[in-house]
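Undergrad: Structure incoming, see below.
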DNA sequence: ATAGATGCAAATATTTTGCCGCCTG
DNA sequence: CAGGCGGCAAAATATTTGCATCTAT
């Protein structure tokens, strides 16, 4: 799905749920769909202010909550850090997170099939499974290299 | 590993890292190892105050950070909510989380083998994988039943 | 026209930090 | 007895809420 189609999908979903499409919301949706990083509310606010300088952070949070409600953004929460948002790929999928530079990448689901495993869990636990989350933590190639270089310099 | 052994392991790890074993820390470690729930800092503080009424929440956080540092507690963070801690099972393992009552259960790793999948990710991404996290969200049997009953009453 | 949205500020919630007196090792 | 630790309060961070004004439908 290309970016424009994705934006239209989100807009329709909002409208159908009875929400208004304001310029600020429109802009936020576009920003969300453009970014393949996984921005925080603050980062989204910074970008939004470039187009609407008076926009408040509260509006960003309110809009994000609305988008969560209609299922068009996924929120990824971490302890001691702010939450990250992903609208380009609202369906559950695993993330690869660099513990050094905080970069968050999507993992190609082709590589990993958690769904079949999740079903097994449902059967044995009696839970009705709604979604899942999988994060893999590590050092990205860039940070590995930087650490190797700084170690070499120190010795 | 039984609870007493686990407590001793944590205590040794702290001592070896040069940290002191104070009565408050001892008590917190015991509380952590006893609970199979996944308590928050506030809940731990409540329990700790039963034995040491003057204990402050700051001390709980400081001790938890020390324990994280030596790798003897795992912190599980959520957006918009407080972090939960798990010392009984510090190795990475999946969690089953009820979105209604916030209960967090451990998933028997026998049911699920994320490690093999995680290795595949390492190969293809160039990341050095350090750990992973997997959460499955759903409704626990109890909450399913409660929802069914309240719906029946409403109709 | 009007229900709902924005933006500002203040409130909440969670976690961290500074400082001082106390206690463990 | 010395440096680390506990406790208190204040700060820092992240998110939500109240309210007056404005606007999309």
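The values are calculated or read from the model by the stated rules, or taken from the named source; none is laboratory data. Remember, predicted model here, so these are calculated numbers, not experimental data. Cβ placement follows ideal geometry from the backbone for every residue including glycine, while neighbour counts extend to all protein chains displayed.
Undergrad: Working only within the range A:93-102, note down all residues that are crowded, with 16+ Cβ neighbours inside 10 Å and farther than 25 Å from residue B:85 by Cβ. Write out each step before concluding.
TA: To start, the set of residues in the range A:93-102 that are crowded, with 16+ Cβ neighbours inside 10 Å comprises A:93-98.
Result: A:93, single match.
Undergrad: In the range A:20-43, what count of residues is obtained for those that are away from chain B (no Cβ under 14 Å) and either more than 11 Å from DNA strand D (Cβ to nearest atom) or within 21 Å of residue A:98 (Cβ to Cβ) (or both)? I'd like the intermediate steps shown before the answer.
TA: Going through the range A:20-43, the residues away from chain B (no Cβ under 14 Å) turn out to be A:20-37, A:43.
After this cut, where a residue has to be either more than 11 Å from DNA strand D (Cβ to nearest atom) or within 21 Å of residue A:98 (Cβ to Cβ) (or both) as well, the list is A:27-37, A:43.
Residues flagged as away from chain B (no Cβ under 14 Å) and either more than 11 Å from DNA strand D (Cβ to nearest atom) or within 21 Å of residue A:98 (Cβ to Cβ) (or both) within the range A:20-43 amount to 12.
Undergrad: Then there's this: Could you check, for the range B:100-107, whether at least one of its residues is under 27 Å from residue A:119 (Cα atoms), facing another protein chain (nearest Cβ under 8 Å) and away from DNA strand C (no atom under 16 Å from the Cβ)?
TA: So the first thing to find is which residues in the range B:100-107 are under 27 Å from residue A:119 (Cα atoms), and the list is B:100-107.
Filter once more, keeping what is facing another protein chain (nearest Cβ under 8 Å): B:105, B:107.
From what is left, the residues that are away from DNA strand C (no atom under 16 Å from the Cβ) are B:105, B:107.
The answer is yes, given that some residue of the range B:100-107 is under 27 Å from residue A:119 (Cα atoms), facing another protein chain (nearest Cβ under 8 Å) and away from DNA strand C (no atom under 16 Å from the Cβ).
Undergrad: A further question on this structure: Could you check how many residues of the range B:123-155 are within 7 Å of chain A (Cβ to nearest Cβ) and assigned to a helix (DSSP H, G or I)? So that I can check it myself, show each step before the final result.
TA: First, pick out the residues of the range B:123-155 that are within 7 Å of chain A (Cβ to nearest Cβ): B:124-141, B:144.
Among the residues that remain, those that are also assigned to a helix (DSSP H, G or I) are: B:124-125, B:141, B:144.
Residues in the range B:123-155 being within 7 Å of chain A (Cβ to nearest Cβ) and assigned to a helix (DSSP H, G or I): 4 in total.
Undergrad: Might you let me know whether the range B:63-75 holds any residue that is within 7 Å of chain A (Cβ to nearest Cβ), within 16 Å of DNA strand D (Cβ to nearest atom) and closer than 19 Å to residue A:130 by Cα? Walk me through it before giving the result.
TA: Initial filter on the range B:63-75 (within 7 Å of chain A (Cβ to nearest Cβ)): B:75.
Then drop every residue that is not within 16 Å of DNA strand D (Cβ to nearest atom), which leaves B:75.
If we keep only those that are closer than 19 Å to residue A:130 by Cα as well, we get none.
No, the conditions are met nowhere in the range B:63-75.
Undergrad: Okay, moving on. Out of the range B:76-88, which residues are within 15 Å of DNA strand D (Cβ to nearest atom) and either more than 8 Å from every other protein chain (Cβ to nearest Cβ) or buried (at least 17 other Cβ atoms within 10 Å of the Cβ) (or both)?
TA: The answer is B:78, B:82, B:83.
Undergrad: Separate question: Can you say whether residue B:59 is more than 18 Å from residue A:79 (Cβ to Cβ), within 16 Å of DNA strand D (Cβ to nearest atom) and surrounded by fewer than 18 Cβ atoms within 10 Å (Cβ to Cβ), as far as the supplied structure shows? It would help to see each step written out before you state the result.
TA: Numbers: more than 18 Å from residue A:79 (Cβ to Cβ): yes; within 16 Å of DNA strand D (Cβ to nearest atom): yes; surrounded by fewer than 18 Cβ atoms within 10 Å (Cβ to Cβ): yes.
It is true that residue B:59 is more than 18 Å from residue A:79 (Cβ to Cβ), within 16 Å of DNA strand D (Cβ to nearest atom) and surrounded by fewer than 18 Cβ atoms within 10 Å (Cβ to Cβ).
Undergrad: I'd like to verify a number: residues in the range A:101-125 that are in contact with a helix residue (DSSP H, G or I) (Cβ under 7 Å, 6 or more places away or on another chain) and modelled with pLDDT of 75 or more, how many? Break it down into steps so the answer makes sense when it comes.
TA: Taking the range A:101-125 and keeping what is in contact with a helix residue (DSSP H, G or I) (Cβ under 7 Å, 6 or more places away or on another chain), we get A:101, A:107, A:111-112, A:120-121, A:124.
Those left that are additionally modelled with pLDDT of 75 or more: A:101, A:107, A:120-121, A:124.
Final tally of qualifying residues: 5.
Undergrad: Among the residues of the range A:6-46, how many are within 19 Å of residue A:85 (Cα to Cα) and free of Cβ contacts under 8 Å to residues at least 12 places away in the same chain?
TA: Result for the range A:6-46: 3.
Undergrad: Are any residues in the range A:72-96 closer than 18 Å to residue A:20 by Cβ and out of contact with any strand residue (DSSP E or B) (no Cβ under 6 Å at 6 or more places or on another chain), and if so, which ones?
TA: Taking the range A:72-96 and keeping what is closer than 18 Å to residue A:20 by Cβ, we get A:72-73.
Across the range A:72-96, the qualifying residue is only A:72.
Undergrad: Can you tell which of B:81, B:35 is modelled with pLDDT under 95 and near DNA strand C (Cβ under 10 Å from one of its atoms)?
TA: Values: B:35 fails: near DNA strand C (Cβ under 10 Å from one of its atoms).
Just one listed residue meets the conditions, B:81.
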